[in-house]
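The values are calculated or read from the model by the stated rules, or taken from the named source; none is laboratory data. Computed from a predicted structure; not experimentally measured. Note: ideal-geometry Cβ built from the backbone for every residue, glycine included; neighbour counts use all protein chains shown.
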């Protein structure tokens with residue numbers, strides 16, 4: 001089976017991970033960090049906002065089952081791409097909206113997706129999602145992996161992640177894993 005990789009930042013990585021793990025064609029989701037200047041940053045360093053990294057998910061997917069554009073459609077459904085360095089109460093550059101591309105084709109698809117959404121007038125404000133080539137991806141600490149699945153009753157999971165998962169499941173019911 002041929003797989004490809006997508007790397008996306010849309011606020012807290014726990015939220016994105018919880019959604020993408022349920023999407024048909026997604027083989028693996030790893031929470032981590034990208035876009036910064038410090039090698040192998042820790043969660044604490046990234047949260048302090050001094051490393052330049054964003055919280056991201058790296059998605060390994062089967063393009064014969066789910067396209068890169070489909071991944072982006074989900075991405076733009078589950079976060080607000082119009083708020084600079086913020087998603088809800090999560091504030092800081094580590095929570096920015098970003099698409100880290102792996103190929104020139106991904107860059108082109110991402111830029112077209114943004115143009116299409118802007119033209120459709122989906123949001124009242126301009127999309128601030130940055131599209132930039134991925135330099136380095138650093139996996140987050142083990143306790144961040146599968147966070148929502150392992151901690152569904154934790155407060156943040158119930159108040160912030162669960163509504164995003166529910167919204168995704170309702171909109172993409174045909175694309176859910178069995």
State yes or no: is residue 146 over 15 Å from residue 7 (Cα atoms), surrounded by 13 or more Cβ atoms within 10 Å (Cβ to Cβ) and in contact with a helix residue (DSSP H, G or I) (Cβ under 7 Å, 6 or more places away or on another chain)? no
Elements of type helices (runs of 4 or more DSSP H) in segment 102-178, at least 2 residues being in contact with a strand residue (DSSP E or B) (Cβ under 7 Å, 6 or more places away or on another chain): 104-120
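To keep it simple, each residue is scored yes or no on (1) closer than 24 Å to residue 22 by Cα; (2) crowded, with 17+ Cβ neighbours inside 10 Å.
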{"residue": "110", "(1), (2)": "yes, yes"}
{"residue": "136", "(1), (2)": "no, no"}
{"residue": "150", "(1), (2)": "yes, no"}
{"residue": "154", "(1), (2)": "yes, no"}
{"residue": "158", "(1), (2)": "yes, no"}
{"residue": "163", "(1), (2)": "yes, no"}
Could you please give the count of residues in segment 52-75 that are free of Cβ contacts under 8 Å to residues at least 60 places away in the same chain and surrounded by fewer than 21 Cβ atoms within 10 Å (Cβ to Cβ)? 6
Some residue of segment 88-95 being out of contact with any strand residue (DSSP E or B) (no Cβ under 9 Å at 6 or more places or on another chain), in contact (Cβ under 8 Å) with a residue 24 or more places away in the chain and on the phi > 0 side of the Ramachandran plot: yes
Scanning segment 9-47 for residues that are part of a strand (DSSP E or B) and crowded, with 16+ Cβ neighbours inside 10 Å gives 9, 10, 23, 26, 29, 30, 31, 32, 33, 34
Residue check, residue 170 within 21 Å of residue 77 (Cβ to Cβ) and free of Cβ contacts under 8 Å to residues at least 40 places away in the same chain: yes
Search result, residues across segment 117-132 that are under 16 Å from residue 107 (Cα atoms) and touching a helix residue (DSSP H, G or I) at 6+ places or on another chain (Cβ under 9 Å): 117, 127, 129, 131, 132
Taking into account only those residues within segment 48-82 that are in a loop (DSSP other than H, G, I, E, B) and within 12 Å of residue 96 (Cα to Cα), which is modelled with the lowest pLDDT? 49
